[in-house]
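Derivation of every value follows stated rules applied to the coordinates shown; laboratory data play no part. It should be emphasised that the depicted structure is a prediction, and the values quoted were computed from it without experimental measurement. All Cβ positions, glycine included, derive from the backbone under ideal geometry; neighbour counts span all protein chains shown.
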Amino acid sequence: MFLSTARHQGSKPCGRIVTHRRWRSSRSTHRSSIPFEARLVAKNTSAGRDPTSITERSGNSLQLELDGTPADRAGCRHCCQREPARKFALKDLTVKAEISDMTVKPCQLDLLQQLLRFSEVRHRVISQNVANVNTPGYRRLDVSFDDTLKRVLAGDSDSGSAPSTPEVREAEGFAVRADGNNVDIDREMGELNRNALLFQTYAQVLASRLGTMRSAITGR
Amino acid sequence: MQVGRNLSASEISASGLAAERQRMEVAANNIANANSTRTPQGGPYQRQQIVFSAAYDAALGTGTRGASRLGGVKVVGIQEDPSEMPQVYQPGHPDADANGMVTMPNVKLPSEMVDLVTASRAYEANLRALRTCRDMTEQTLSLLRGTG
């Protein structure tokens, strides 16, 4: 956004060197086809402020503020009847650039990571049940993520905070055999298959997200 | 996948495989010695049975039951079956006592066969869990490869 000065050329070039503003203002119905350009010269400053101060503020956009006090409107009256050239007295010129914080928002990667972790925990619990299918007095273990998952899905502000550990507890309501064991091997195999498919789903979704990010970064 | 001091899912499944294999060996030993009336300790062969125990990682304390405490299955030991030994009347037998009764091992073949089948099914189930764990790990690694 800098630019150099441009020689003012109107219908009748007068040769005055003025500085123009580059981007369009609301009043830019200037007939001239000169691109408006503005020069940022850090002259100054009586107020004692650093003219090129850049303040970081959390936001999502890059804003640029250019303050200048227009000087006399003694612009080019000869050829520029409509829009007198504005000369900025580059006295108190401050540039405030608001840069958004360069962090990647958690979005869905956090949720997918949690889901993958939960799947792995559930697989370990199922493995424990399968390994103890012939152990007398063993009660089937189960994992519950529902409350944790609901919280993550609700998208609360601290979704990137410390992940909570899923709770492992003994499952109720399954038939107990004569040796005190209530593990049903067929049910465990079904749970194993289901969990493996869910894990595969989460991994593939995560892979596609990462692929999108990668192609956005590399541009291919 | 958890690597480190916690037992991973593949170790849990491996402990199940080892336990079921030992159970099969014990059942095979019982079947082979179903008619052994003499042992190095004297007396007939007594049926052996294996004792399993669910294992939890005691090193992590007895706090909340987390998934990190799962330890698979552990073989506590192999014990003699104290049930009654059948007595058969065979006067000509070298091991017959004064009354002509021979004490036979208390091995019942049908129950040993059922134990064998149960152990082999459990072994297959543990193998399936181990294979699934390996597939899940491979999928996680494929994320790094970037072809997903």
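Here are some notes:
- Cβ neighbours within 10 Å from other chains - mean over A:111-119: 1
- Trypsin sites (Lys or Arg not before Pro), loop per DSSP, at most 16 other Cβ atoms within 10 Å - longest free stretch of chain B: B:66-107
- Estimated FRET transfer efficiency (residue A:170, residue B:41; beta-carbon r; R0 51 Å; 0.05): 0.80
- Along the axis of the charge dipole computed for the stretch B:105-148 (Cβ charges of +1 for Lys and Arg, -1 for Asp and Glu, origin at the Cα centre), the listed residues B:133, B:110, B:122 are led at the positive end by B:133.
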